[in-house]
Structure formats: C-alpha cells, structure tokens
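Each value in this text was obtained by applying a stated rule to the coordinates, not by laboratory testing. The structure presented is a predicted model; accordingly, all values stated were derived computationally and were not measured. Positions of Cβ are generated from backbone atoms using ideal geometry, with glycine treated the same way; all protein chains shown enter the neighbour counts.
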Amino acid sequence: MEKFVIKGSKALRGEINISGAKNAAVAILPATILAKGVFNIENVPDIRDINSMLEILEAMGAEVVYTNRSTVRIDTRNINFKAVPYEQTKNLRASYYLLGALLGMYNHAKVAMPGGCNFGGVRPIDLHLKGFSALGAIISTDGGMIKAKAQKLIGNSIYFDKVSVGATINVMLAAVKARGITVIENAAREPHIVDVANFLNLMGADIKGAGTDVIRIHGVSELHACNYSIIPDQIEAGTYMVAAAATKGDLLIKNVIPKHLEPITAKLRECGAIVEEFDDSIRVYATGRLHGCNIKTMPHPGFPTDMQPQFTVLLSLCEGISIVTDSVWDNRFRYVDQLTRMGAQIQIEGKAAIVQGSAVLKGAPVKADDLRAGAAMIIAGLCAKGTTEIEDIIHIDRGYEDVVKKLTDVGASIARMDFPNSASLLNKRA
Ligand code: UD1
C-alpha cells in the first residue's frame with residue numbers, strides 16, 4: 001500500500017506552479033463528445049480523475065494523445081457510443097457529465113451511477129435528472145445504469161431549488177444543441193461553470209450569463225471542435241495558500257487567477273496571514289501569531305466547501321475558538337477524527353465544527369477519507385511534530401498533480417512510499 005510519509009515542522013518557502021482546474025477539466029473533456037472533430041486542450045492536470053475520464057472517452061472510440069504533459073489532443077470523429085459501465089464510472093464522481101454530453105449529442109445516454117468522492121453522506125443527482133426531464137428526456141434507472149432518452153431535446157425554463165455545480169453544467173451540456181431557448185435559474189456561479197461555458201461557446205454554442213445565477217442558452221444545430229486552455233485550479237491554489245500560512249512559510253503561488261481566490265484570501269487575511277496579489281500569482285506568508293475566525297461554506301462566491309478541511313487544520317493552529325459551518329454538504333467532517341488523533345481539539349455539532357485553537361499537532365498514522373480530507377492531512381502533517389503517515393492516498397492522487405514534487409521543491413519533507421504488507425515506519429519504530 002502506498003502512503004505519504006511527512007516529517008513535519010518545516011516552513012514552506014519558494015514558488016509553486018498551479019495546474020489546470022480539475023473541476024473544469026472533468027466537464028470540458030466529456031464536452032468534446034458534442035462535436036465530431038479534433039480538439040487540443042491545454043493546461044489539463046495530470047491527475048487520476050482526468051486519466052479516468054480520458055480512458056472512458058477512449059473506450060467510447062475517441063483517439064486521445066498527449067502532445068505534451070498538459071496538452072491532450074482528442075479526436076472524437078470515431079466515437080461509437082454504446083454505454084458507460086460501472087467499471088469505468090466507479091472512481092469518478094464527474095462521470096455524470098457523460099450523461100449530459102451524450103444526451104446533448106445523441107439524444108440518448110446510458111451511464112452507470114457515478115462513484116468517486118463520498119464525503120460521508122449521500123450525493124444525489126436528482127437535480128441533474130430534473131433538468132434533463134425538463135428538456136424532454138425520459139429518465140429511467142435499471143441495474144445501476146441511468147438511461148436518458150429523447151426524440152428531440154427542447155429548450156425550457158429550469159429552476160434549481162438548490163445551487164448545484166454539477167446540475168448546472170450538465171444541463172448546459174444537454175441544452176446547447178436543444179431546439180429553442182433554455183434558461184437555468186438559480187444556477188451555480190463557480191469559475192469552472194464560466195470556463196465550461198467559454199469552451200462550449202468557442203465550439204459554437206450560444207450561452208449567456210455564465211457566472212451569474214441566470215444562464216440563457218440558445219440551442220444551435222451544430223458545434224465544432226476547437227483548441228482551448230483550461231483555467232488554473234482554484235482549490236489546488238487555495239490548498240497551497242493555506243499550507244503557506246499554516247507552516248508559517250512564504251510561498252509565491254504562480255499560474256492563478258487571484259479573483260477566483262478572493263474568499264480564501266479574505267479569510268487568510270482575517271487570520272493575520274499576509275496575502276499579496278499580482279496579475280497571475282499570489283504570495284502568502286505568515287510571521288506572527290495567527291488568530292482564528294469563523295467560516296461558513298457557501299456556493300461561489302462564498303467560501304468553497306472544497307477548502308473547508310484544509311482551512312480547519314489552519315484554524316486548529318490559530319489562537320482562539322473558530323466555528324466552521326458547512327452549508328453545502330451535510331456531512332463533511334469525517335476527517336476530523338483523523339485530525340483529533342494528531343492532537344487537534346475539534347467538536348462536531350450538527351453542520352458545524354467548533355475548533356479550539358492553539359493545538360500542538362503530533363505526527364500520527366492517518367488516512368485520507370476523501371480528496372480534500374487528504375489535502376488537510378498533508379497540511380496537518382507538514383505542521384506536526386514528528387512523522388505523519390497518510391494512507392489511502394489514492395484519493396489525493398485524484399486531484400493534486402505532483403503533490404510530492406511541488407511540496408519538496410519548497411522545503412517540505414514528504415515522500416511517497418510503498419508498504420507492500422501495510423507495515424509502516426511508525427509501527428516499526430513503536
Ligand atoms: C462539485 C464539485 C465538488 C464540490 C461541489 C460543491 C466537481 C466535479 N465537484 O460537486 O468538489 O464540493 O461541487 O462546490 O465539480 N445536490 C442535490 N441534488 C443534486 C445535486 C446536488 O441535492 O442533484 C446537493 C448536494 O447534495 C449538495 C449541494 O447540492 O448538498 C451541492 O452539490 P453540487 O454543487 O451539485 O456538487 P457537485 O457538482 O457534485
């Protein structure tokens with residue numbers, strides 16, 4: 001079993017380059033299904049979720065070639081759609097975008113229920129399906145497969161009673177070629193929604209309002225292939241921003257869009273960290289004492305839920321009591337058990353975590369319960385005294401490109417080690 005082994009208490013100093021946004025890429029790659037042609041997509045992150053998505057496209061008949069490490073050429077001309085089985089969707093939450101893209105292109109789709117990150121609660125896709133139904137698709141489920149079928153998709157007004165990133169993007173994918181006008185109300189406004197809309201518009205779609213809560217889509221009859229560069233990953237950047245502050249280090253984080261990082265920047269400043277914004281980079285450092293603050297996760301432009309676990313680690317080191325409320329997911333505090341084993345003092349009260357600050361973290365064997373929980377464990381390990389071993393790092397590989405190299409280059413002591421019989425350095429020493 002592979003683990004990350006971290007020797008903590010080292011301040012991170014230097015420069016880190018941010019890769020392309022996972023949550024934009026996992027939608028843009030399946031969106032290529034919507035046109036027959038050759039796409040060149042740049043700034044594609046080299047992470048497991050992307051590899052899984054590309055493998056699915058290949059299995060459908062697309063030709064996928066990396067022209068360099070972050071640029072992929074996708075030839076969709078020979079896609080011979082059948083069905084996407086569970087074997088292919090089980091590791092990838094975002095496989096639900098195949099439903100919207102296939103439905104938009106072929107008027108029918110058959111895709112296994114998605115797997116991927118489970119934060120400890122259910123992750124429904126009822127809003128996605130409600131959107132497809134509003135466009136005229138008949139939805140059925142059978143043996144774990146979701147089927148969507150329409151004679152012809154027809155534009156409609158769709159109101160989401162909950163803000164959903166996935167449902168907003170999925171309906172955009174299905175509606176771009178529908179007849180007439182689709183209006184999505186109470187749409188999500190995340191940066192990757194805008195990125196996907198920009199990509200689709202470059203393919204010839206007519207989408208207006210992405211980035212606001214009302215998106216208008218005039219259906220077009222044909223889309224064409226294009227070349228595109230994916231935006232930088234807001235959450236990868238935010239993770240390193242928090243790591244810089246938590247280790248009392250000094251990082252210049254490059255290839256970012258500072259505007260996308262504003263909610264994280266604001267909270268870091270509230271804690272007493274210094275954040276300097278440049279055109280496409282951001283510097284974060286911390287010298288003196290940091291103090292806690294309250295965080296409430298919200299859809300964009302609120303504080304991102306995907307930064308909640310990482311920020312909670314920082315708050316456990318800050319002075320004072322902080323309250324962290326997750327209003328997006330019902331049960332996203334599973335990782336707290338791991339943190340408390342390292343010495344954090346955190347109590348869960350319903351949807352809130354009450355964080356008693358000034359903890360002295362000590363290295364321990366812990367696991368990555370999910371992707372961002374894993375990122376939180378890395379930050380905790382970087383700050384802890386002694387050695388931390390993180391298992392189940394497969395989750396971290398889903399979303400962080402070259403995390404060991406990026407951190408090692410800025411002074412961290414972190415290694416990926418293989419423990420064939422699940423033995424560990426910590427156990428051997430004990
Ligand atoms: C995306 C992100 C994920 C992030 C989340 C919220 C990707 C691939 N993943 O997930 O990292 O944590 O946005 O920012 O982009 N909901 C429903 N019914 C639905 C869909 C969602 O009730 O059909 C609820 C969810 O349970 C949740 C909330 O809506 O409480 C937000 O979920 P949503 O924005 O859809 O998350 P994802 O798109 O799955």
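Kindly give the semi-axes, whole Å and largest first, of the ellipsoid equivalent to region 136-177, taking each as the square root of 5 times a Cα gyration tensor eigenvalue.
Numbers: eigenvalues 71, 48, 17 Å².
Whole-Å semi-axes of the equivalent ellipsoid: 19, 15, 9.
Principal semi-axes of the equivalent ellipsoid, √(5λ) from the alpha carbon gyration tensor of region 181-330, are 35, 18, 10 Å from largest down. Here the chain is assigned +1 on the Cβ of each Lys and Arg and -1 on the Cβ of each Asp and Glu. Its dipole about the Cα centre then comes out at about 460 debye. Only helices enter this figure: runs of n ≥ 4 DSSP H residues, each worth -39500 (n - 2.57), summed and divided by the residues of the chain, yield -9000 deg cm²/dmol at 222 nm to the nearest 500.
Annotation for region 322-430: chymotrypsin sites (Phe, Trp or Tyr not before Pro) lying in DSSP loop with at most 14 further Cβ atoms inside 10 Å of their Cβ do not exist.
The angle separating the long axis of helix 234-246 from the principal Cα axis of greatest extent in the chain is about 10 degrees.
Separation of region 360-403 and region 332-356, taken as the distance between their Cα centroids, equals 15 angstrom.
First check a/c for region 22-229, with a ≥ b ≥ c the square roots of the eigenvalues of its C-alpha gyration tensor; if it is under 1.5, answer rounded, and if not, answer prolate when a/b is larger than b/c or oblate otherwise.
Rounded shape, in that the Cα axes give a/c under 1.5.
In a DSSP loop and with at most 10 other Cβ atoms within 10 Å, there are no GluC sites (Glu not before Pro) in region 1-107. Bridging of K367 to aspartates and glutamates at a Cα separation below 18 Å is possible for E2, D306, D337, E389, E391, D392, D397, D418, once same-chain residues fewer than 8 apart are set aside. Region 59-74 and region 26-57 have Cα centres lying 7 Å from one another. Here region 22-229 carries DSSP beta bridges of which approximately 75% are antiparallel, counting only pairs with both residues inside.
Could you sort out which of K267/K385; K22/K405; K22/K362; K22/K90 sit more than 28 Å apart by Cα distance in this structure?
On the way: K267/K385 25 Å; K22/K405 18 Å; K22/K362 31 Å; K22/K90 17 Å.
As for pairs spanning more than 28 Å Cα to Cα, those are K22/K362.
Charge tally for D75 (other residues, Cβ to Cβ under 10 Å; Lys, Arg +1; Asp, Glu -1): +2.
To the nearest ten degrees, helix 308-317 and the longest principal axis of the Cα atoms of the chain are 10 degrees apart.
Each Cα pair under 8 Å and six or more residues apart adds its separation to the average, and for the chain the resulting relative contact order is 21 percent. Classified by the C-alpha gyration tensor, the chain has a prolate form. Its axis ratio a/c, with a ≥ b ≥ c, is 1.5 or above, and a/b is larger than b/c. Bridgeable lysines around K149 (alpha carbons under 21 Å apart, same-chain partners fewer than 8 residues away excluded): K36, K82, K110, K130, K177. P(r) tail for region 212-285: Cα pairs beyond 15 Å make up 59% of the total. For region 236-279, the percent of C-alpha pairs falling in each 5 Å distance bin, counted from 0 to the bin holding the largest distance, reads 5, 24, 39, 25, 6. Expressed as a whole percent, the proportion of Cα-Cα pairs in region 110-189 lying more than 20 Å apart is 33%.
Only beta bridges with both residues in the chain are counted; by DSSP, about 70 percent of them are antiparallel.
Net charge near A225, counting Lys/Arg +1 and Asp/Glu -1 over other residues with Cβ under 13 Å of its Cβ? My count for the surroundings of A225 gives 0.
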